[in-house]
Amino acid sequence: MEKGPGCRAAGALPRAWAVLASSGDGVPDGWGLVRGTRSPREQRSLRTTWGPFVTRSTTHVSSDAATAAPRSASSAVAEGRTRAVPDWKPGAAFTLGAEDELLLTDGDGRLLGQRALPAMTRLRRLLPGEHTVDGEIFVDEVELRTPACRDAEALRDALGTLRRSAALAEVGLMAVGVHPEAELGTARIAASPRYDRLGEEFAGLLRTPTAAFQVHVGLPDIETAMVVYRALRNRLSIFRALAAGSPYWHGRDSGLACVRSAILRSYPRTTMPPVLRSWEHYVDTIGRQMSAADVPDYTYVCWELRPQPRLGTLEVRVMDAQPSLERAAGLAALLQGLARHAVEVPDRDDLPDEVVLANDFAVCRHGLDARVLDLDGSRRPLRELAARALEDARRWLAPDGLEPPLEAALAILVEPPEYVRQRDIIGRHGMPGLLADLAARTMDVDG
């Protein structure tokens, strides 16, 4: 896969950083750019101290050195499924790639249904690359895929090119986690062996399309992947809150910042990622889930953060589709920076599974105004944790001049978030105004 173009050199402190820093709203003092003095391997070997709250798991190690997780009576069945998990294909370290899920809409912003089929044909003709455009389980949804990119700016350019091509093909797109007005139970399911299988299994649960902004970060080996997995899993609520933008479903206000998650939670095997102590633990866990559900391979297990061994990446799936490409790039930069931070300053502990679930619901309900449990067991404002994560990401991106896109992610903390904006538009212009706004912003790739 190609690498994207380089990024501009680091400059002065971006405006939004300065605004939040001057407000004193939960931002740590100083924006230091000093790299850690210990190597990643030395830091991973530091003695672990246990807090009163976190799960006491061992330091992540590769499958060759791991102590196997306790095996259940079903392990013999799982053995037959582990062959469906391929070996890790080393990815280019810390590169980015995205799957931009978008709804196909008409001139009034409504889902196309079966009318989406000729639109997809036009789009495929204009974007003939094998891994560029693909359909989804819903006929009126498309997935645009970027190549591997060096940084978030290159990713933004790739996303812009793909969305611009859709405009040339006269295909209407809408980036939103759930269509705000689509009627319950009117979803149209695409035909393929995979989707036929899922449609038979999920039945009426597939009641309305959902769209996500899914981002991959490339990692060179399974040891690094497990270290980064722990760190990202501990911070998934931050990504969920910053990207939350689906307050409406079926023409009604859900009361949530992200209602997309409520739909996904009803699907089998679509849940928050579990604690993983090693690659062997991952393979064993996936094998047991595949055996229990009688599915053919690991891609049918759709955790909100999951390894993609065929690609050599970790995939973050919690984020709603993003109308703004600037914010999409900012979120991707946050992911890239936190992955670098995880390798240099590894987390020692894991949030328990039940805490990850509780934190996720809190941010789905309240967005950036949620209070969640931190690793030390204290309950903290999500905005404070997000500011800390942005500072950590900036520290490790700035030496290479890769931090400018973070300004757009930080702006989410100082401007009305997407779910607030949508409610404001509904109050002033009604549902037609919201649909028009979402469609316009999705196609404004140069704004």
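Considering only DSSP states other than H, G, I, E and B, which GluC sites (Glu not before Pro) in segment 160-254 qualify as loop sites with at most 11 other Cβ atoms within 10 Å? Each step should come with its number before you reach the end.
On the way: sites: GLU170, GLU181, GLU183, GLU200, GLU201, GLU223; in loops: GLU170, GLU181, GLU183.
Within segment 160-254, the qualifying GluC sites (Glu not before Pro) (loop, at most 11 other Cβ atoms within 10 Å) are GLU170.
Going by how many other beta carbons lie within 10 Å of each one, how would you line up TYR267, TYR195, TYR282, fewest first? Kindly include the intermediate steps, with their values, before the conclusion.
Details: TYR267 15, TYR195 18, TYR282 25.
Ascending number of Cβ neighbours within 10 Å: TYR267, TYR195, TYR282.
Given the convex hull over the Cα atoms of segment 156-307, what projected area results after averaging over all orientations, in nm²? It would help to have the intermediate numbers written out before the result.
Numbers: hull surface 44.0 nm².
Projected area, direction-averaged: 11.0 nm².
Can you list the trypsin sites (Lys or Arg not before Pro) in segment 195-299 that are in a DSSP coil and have 15 or fewer other beta carbons within 10 angstrom?
Loop-located and lightly packed - ARG265, ARG269.
Within 10 Å of each candidate Cβ there may be at most 11 other Cβ atoms; applying that plus a DSSP loop requirement, which trypsin sites (Lys or Arg not before Pro) in segment 385-434 survive? Show your work: numbers first, answer last.
Values: sites: ARG388, ARG394, ARG395, ARG421, ARG423, ARG428; in loops: none.
Sparse-neighbourhood loop trypsin sites (Lys or Arg not before Pro): none present.
Name the shape class, rounded, prolate or oblate, that the alpha-carbon gyration tensor gives for segment 325-428, where a ≥ b ≥ c are the square roots of its eigenvalues, rounded holds for a/c under 1.5, and otherwise prolate holds if a/b is larger than b/c and oblate otherwise.
oblate
Which ordering of SER291, SER237, SER266 is given by a fewest-first count of other beta-carbon atoms within 10 Å?
Numbers: SER291 18, SER237 26, SER266 12.
Ranked by crowding around the Cβ, least crowded first: SER266, SER291, SER237.
Read-outs throughout are calculated quantities, based only on the coordinates presented, and are distinct from any laboratory measurement. On a predicted model such as this, the values are computed, not experimentally measured, just so you know. Cβ coordinates were reconstructed from backbone atoms using ideal geometry, including for glycine residues, and neighbour counts include every protein chain displayed.
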